[in-house]
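Inspection log for the structure reproduced underneath, given as structure tokens.
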Amino acid sequence: MVYKQFKSALSEQLKANWTPQITSPVFKLHYKFTYIIFMVSVLLTTIYDVIGDKIKCMTDLNQKVVENYCYIMGTFTVDHLHNATVGVDVPHPGVGLNRPGDAITVHSYYQWVPFVLLFN
């Protein structure tokens, strides 16, 4: 008997305290539109990952294996090659042979961004 009364009083108290109270129309618009914008961003990022070439690695080795490795592990660009002439000196800004001691920039965006956005 006491247990039932305690349980009903506790459930009423929890229900009253845990019910969200929306205090203004600005807050309503914020949580609805922010969610939509966030989900559209996740969708666009994921679609880019699923459709098309994820990454193109220039190599003489097994192309598929190297591209999968670059996709998972990331890649890098050589800093002093960003200002080189495209089509003459380098195939793309920052892409080329690196020598020991060259400053590089690591790019590891490829696979993980859509998952982080989706599960956030």
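The values are calculated or read from the model by the stated rules, or taken from the named source; none is laboratory data. Only a predicted model underlies this, so the values are computations on that prediction, with no experimental measurement involved. Ligands, DNA and RNA are stripped out before the accessible areas are found, and what is left, the full protein with its side chains, is counted by its heavy atoms. Shrake-Rupley method; radii C 1.70, N 1.55, O 1.52, S 1.80 Å.
Testing PRO93 on (1) within 18 Å of HIS107 (Cα to Cα); (2) open to solvent by less than 80 Å² (accessible area, probe 1.4 Å); (3) at pLDDT below 70, one condition comes back false. Which one is that? It is condition (3) that PRO93 fails.
Of the conditions (1) within 30 Å of LEU44 (Cα to Cα); (2) more than 22 Å from the chain's Cα centre (by Cα), HIS107 fails just one. Which one is it? The failed condition is (2).
Within the range 14-24, the residues that satisfy the criterion of being open to solvent by 100 Å² or more (accessible area, probe 1.4 Å) and either modelled with pLDDT under 70 or within 27 Å of LEU117 (Cα to Cα) (or both) are LYS15, ASN17, TRP18, PRO20, GLN21.
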